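Below is one structure, written out as structure tokens; the observations come after it.
Read-outs: derived from the displayed coordinates by stated rules, not from any lab. Predicted model only: the values in this text are computed from it and were never measured. Note that we place each Cβ from the backbone using ideal geometry, even for glycine, and neighbour counts take in every protein chain shown.
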Amino acid sequence: MKREYFVTENSIVRQIWGRSDTVLFIFAGAAAEFALNKSVDWLYFTGRLPADPVGRLFSTVAYARSIMFSEKQTAMRTIDLMNTVHAQVESNRGAKIPEWAYRDVLFMLIDYSIRAFEVIEHKLNISEKQEVFDVFYRLGHRMQIKDLPQSYKEWETMRAQQLHQNLNYSEYTRDLFLQYRKHLGWARYLLLTEVQIQIVPAEVRKRLGFRKVGFLYPVLQLYKLSRMINLDDAVKALILPPRYKHAIRALDSKENPVSAMRQNFTPAAG
């Protein structure tokens, strides 16, 4: 009997999420936008985000990646578990996570999946972008997120509105970037912000006070060369602290990245 996967084996989504470099770029973009989102206080509620911001955001992208490569029923169970965890956080706080906050995170995963691949590899055509949208639409539908767009074109419109309405530079933003710098160190933090300048939408860049032009382009060309001569693992090891090396390696393998992460840290629930 042929296995049925949540994402088909020849999907562009598997190409995007099947390499640690694109996933790390997705992580970088999400790290910037998470800090601006008006619902970021929910991520501070348990205290785990400021305690380990890199681990908390890495866990988000790693759980998403595990869904991309799981059999359909396993993926559905993982999504249902995510809903259960969110419900517990809501119960502990005595409030509901806003519906738009769920959509925002889903929209981030769609957007940065496309942006990361296009920065590192090549431009996607409209049918490939629609395919990325379709995968995350199914994820959002399983999570019972309301008022989702029905097509990539409709998503583009809603994404532009969301970026305008739901971002705000706050004390949480300032603190989160201080925590990034504290946990990454000066050199890695500088590299993170250069990646963010390269990948985030203009609205995010403007609200964070980033300059319009980054200095990453020549570094990217050198990195692409390192892939050709099999030195990219050494380069990626420089991007994040050593405690994440197993998780990074798992992103390039058949190994479940969530299992690899648990060797190093416990994923945060909220």
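What to note about this one:
- Proximal charge balance of Gln15 [Cβ under 11 Å; K/R count +1, D/E count -1]: -2
- Under 5 Å from the amide H of Tyr5 lie the amide H atoms of Lys72, each residue being 5 or more positions distant or on a separate chain, with H modelled from the backbone and absent for Pro and chain starts.
- Under 5 Å, built H, 5+ apart or other chain: amide partners of Asn37: Asn168
- Amide H to amide H distances under 5 Å link Asp52 with no residue, where only residues 5 or more positions off or on other chains count and H is placed in the peptide plane.
- Qualifying trypsin sites (Lys or Arg not before Pro) in segment 76-105, where qualification requires a DSSP coil assignment and no more than 12 other C-beta atoms within 10 Å, comprise Lys96.
- Modelled spin-label separation between Ala87 and Lys146, with each label point placed 7 Å from Cα along the Cα-to-Cβ direction: 1.7 nm.
- Ranked packing of 33-39, 3-9, most packed first, by mean Cβ within 10 Å: 33-39, 3-9
- For segment 25-167, the Cβ-based charge dipole about the Cα centre amounts to some 260 debye (Lys, Arg positive; Asp, Glu negative; other atoms uncharged).
- Couplings for segment 187-203, taken from phi via the Karplus curve 6.51 cos²θ - 1.76 cosθ + 1.60 with θ = phi - 60°, read 5, 5, 5, 4, 5, 4, 5, 5, 5, 5, 4, 6, 10, 6, x, 4, 5 Hz in order; Gly and Pro are left as x.
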